[in-house]
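Here's the structure, in structure tokens; my notes come after.
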Amino acid sequence: MKKNNAFGIIILFAMISASGYLLGTVLGWIFDLTGFNWTLLLTVPFSMMLFTDLVNLIVYPIARSTMNKNIKKHNFGMPISYNSRTKFTFKSILCIDEETGRVGYVSLSDPFRFQMANPGDLSRIRSTTGSVARGGRRFVFFEFYCGDNRMRFPTYWAGRHGIGMVINPNIVQNALEEGNRICNLLLRFNPGGNDFSVNRNIPVSKTGIRGFTFSLISIYVTVGALMTEAITAISHSVSHSFASFIPSYVLIFIAAGLAITGLVLGIKALKDASVSPVRGKGYAKASVIISLIVLIIIILIIWLLITILKDLGVIG
């Protein structure tokens, strides 16, 4: 079982890009500004990706349909479902057959794919609390391993100050109980599934995390370049000269450097993972995908800027 699939992420990005193209075309037609039109075409996909709730709302019915169709196909006798409520990420659906303990899984980053595992395939089943290093957010979750892949499902997210300090303890306790209910059901069919000696020595791929960080920053720098170009394209107070576009070019080259670094680190992490098991391969895969997308968009931006400068007669 895997949380994400590269093909599924590409499909989602294509859907969001199509929405960006439509909005960019409409607004470009309304304002009669070609530069603004192209900027929206490239910027809106990034902007919409920040609204994960909107993506979840649109894609969730597809994932739910995939789940319902397959639990019937695989004869899940008494299925119970859990929908993850992780903030700022794509949701996922977990379904457990109370008769056999089989687990079905569909992620909204791969909504057309149904994954299934037997209870004996699971290990390190637990419900507990944790924290996110960046930002200090804390959360309650249950998780298990399927092979070398960790499947984590938050049941509650707290604020930056931590669980128990500003949050009602009863809320945290209810979230833990919800996770325990799922874990106890899995452990009923796999009594040794909470043995934490399994997979204990699998290291975390720090290279993949670094690559993901570089690729993520490259997105924001790219958006900054797009917004700079947009201001230049629609402002009548700015002289349309080569100097006007220097900020865009500077940010573009910075974004390209970050994306290339993320791509190299992501590929290196995946090569290392092919030699020995590591945790966090998802970060490496995401860094490769994001970096490639950013680099493609940077090529389009450069082409756009060169086209504008040619139209203005700045370059031949």
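Read-outs throughout are calculated quantities, based only on the coordinates presented, and are distinct from any laboratory measurement. As the structure is a prediction and not an experimental result, all values here were calculated from the model. A quick note on method: Cβ atoms are made from the backbone with ideal geometry, for glycine too, and the neighbour counts reach across all protein chains shown.
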Those aspartates and glutamates that a straight Cα-Cα span of less than 13 Å connects to Lys91, excepting residues fewer than 8 apart in one chain:
Asp53, Asp110
Quick one: which residues, 5+ away or cross-chain, put their amide H under 5 Å from the amide H of Leu108? H built at 1.01 Å from N.
Lys91, Ser92, Ile93
Tell me which residues come under 5 Å, amide H to amide H, from Gly101 once H is placed; ignore anything under 5 positions away on its chain.
none
From phi via Karplus (6.51, -1.76, 1.60), per-residue ³J(HN,Hα) for the stretch 93-99 in Hz, x at Gly/Pro:
10, 10, 10, 10, 7, 5, 8
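For every other residue with a beta carbon closer than 13 angstrom to the beta carbon of Lys73, add +1 if it is Lys or Arg and -1 if Asp or Glu, then tell me the sum.
Details: positive: Lys69, Lys72, Arg102; negative: Asp97.
With Lys, Arg at +1 and Asp, Glu at -1, the neighbours total +2.
So which of Lys69/Lys285; Lys2/Lys72; Lys2/Lys73; Lys72/Lys285 end up more than 26 Å apart, counting from Cα to Cα?
On the way: Lys69/Lys285 29 Å; Lys2/Lys72 21 Å; Lys2/Lys73 21 Å; Lys72/Lys285 32 Å.
Result: Lys69/Lys285; Lys72/Lys285 exceed 26 Å.
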Residue-ordered couplings for the stretch 254-260, obtained by feeding phi - 60° into the Karplus form 6.51 cos²θ - 1.76 cosθ + 1.60 and rounding to whole Hz (Gly and Pro as x), are 5, 4, 5, x, 5, 5, 5
